Amino acid sequence: MKINNYIKGFANFNNTGAINEMASELTKLGVPKNLMQFIHKLSGKVHRMSQNGDVQKDPTSGRETSKFHTRKEPYKAKGGPWPEREDAPLSHDIEVKGSKSGKRNIYHYLTQLLDSRKDSGLRLILVNPNQDQIHYLTRKTGKMSKSQMLDADIRNTEDAREQGTSNKRGLYMRVVTLDGDSGDPISAWEGTIGQMADDMDDDSVLYIMEEETRVNDKRKTRVDIKEVTAKQFIKYFISNFNTIAQKFVGDASDKKSDEFKELVGNITPAEWAEINNRYSDNQGAIDKKNKLSKLSYEISSVTLDEDALKPKLDAFQKLAATEGEYNPEDDSYSGRQKASLSHMSEIHTMAVVASMFLQFVALGKVHKKFYTDDPFKELGIDDLLFDM
């Protein structure tokens, strides 16, 4: 993987050439921009083992499950509760304290130099340039033999888990990486360390990052405000902006109604027969049927009630998380993080956030700038950063 930490054209105006004050030190390790942003915005929330019926998704089906699943085989090792996890965010000025090169050295470090008897938090970046893979490792499960449990006066697996050892069939890794199918960043449990080693080669590098908590410390020092829930925000929005929003949404609905009528008026009797034939393979008729269904749904779902606004609010929060620098609402297994409404309200006030949401509902975009402390984004030149 080619690593480049320059801004295009900027060297012409800068005698030093390379820019050291990059938006993130992770760019120097070849971490792609979207994964880098995801790592910096992780919530860092600690999820205790099976705490409060903790649920994640089965990667094979996408369904929520309370049983431990990994993205790789073996299935027999996926039983039992989810291990404790904490996808800790890294600060932009994170430092590399050391590295291990090559498959053998990396495997030895993960299995022998790190304590394998207890679950442990990690700050490691694993890069395989030949397979275009980058993993941020945040946690490793622990495993104890029966003799080790006896020596530690631990009676069984349940007791071991209560004392911080997952004790599953192997050592599993919690990773933040790019999904191979969608290309989106995700947080997930990988297979065993042995399975991860199958994806390594002699060119692989494991970067050992400093163990810092600067992002979480910064978040904790912010003034505490009353938590703003989605339900509270939607009620506030409806009570203050319902009339204005209805006008914009109503105008959009009228235009779609006209489009619906025009489309219906241009359909021939033969096409109607094809549209109503559930087994039709006429692509033109299928396209018109899908268009009619889409318009019908959009026209009938413009009422500004809480249920109708919740998906729009989710999309607005995801956009804010992508474009702005807000505390995340929570980790997201699918990689689609959402900005915290509480933090957005702290930065802008509730009224301003509601007006930004109004722009999103009415126009599909937000004209007011999302908050950022990234100087490149503030100057509007972040798009000049090389994509990794």
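Every number in this text was worked out from the coordinates using simple rules, so none of it is lab data. All values reported here derive from a predicted model rather than from experimental measurement. Positions of Cβ are backbone-derived with ideal geometry, glycine not excepted, and every protein chain shown enters the neighbour counts.
Points worth noting:
- In plain terms, the residue of S293, S355, S187 with the fewest other Cβ atoms within 10 Å comes first and the most crowded comes last, giving S293, S355, S187.
- Placing +1 on the Cβ of every Lys and Arg and -1 on the Cβ of every Asp and Glu, with no other charges, gives the stretch 26-211 a dipole of roughly 400 debye about its Cα centre.
- Amide hydrogen neighbours beyond the local backbone of K338, cut-off 5 Å, H modeled: E329, D330
- When the Cα positions of V31, Y136, T111 are compared along the charge dipole of the stretch 26-211, T111 comes out farthest toward the positive end, with charges on each C-beta of Lys, Arg, Asp and Glu.
- Here the simple spin-label model places points 7 Å from the Cα toward Cβ, and for K369 and K218 these points are separated by 1.7 nm.
- Highest to lowest packing among 122-128, 145-151, scored as the average C-beta count within 10 Å: 122-128, 145-151
- Taking amide H as placed 1.01 Å from N in the peptide plane, the amide H of F68 sits under 5 Å from that of G80, W82, each at least 5 places away or on another chain.
- Gain upon complete extension [D281, T229; 0.36 nm per residue less C-alpha separation]: 14.1 nm
- Annotation: amide H of R139 within the under-5 Å range of L122, R174, sequence separation 5 or more or interchain, hydrogens built in the peptide plane.
- 3J(HN,Hα) couplings calculated from phi for the stretch 100-109 with the Karplus curve 6.51 cos²θ - 1.76 cosθ + 1.60 (θ = phi - 60°) are, in sequence order, 10, 10, x, 4, 5, 5, 5, 4, 4, 5 Hz; Gly and Pro show x.
- Judged by the mean number of other Cβ atoms found within 10 Å, the most tightly packed of the peptides 165-171, 228-234, 85-91 leads the ranking 85-91, 165-171, 228-234.
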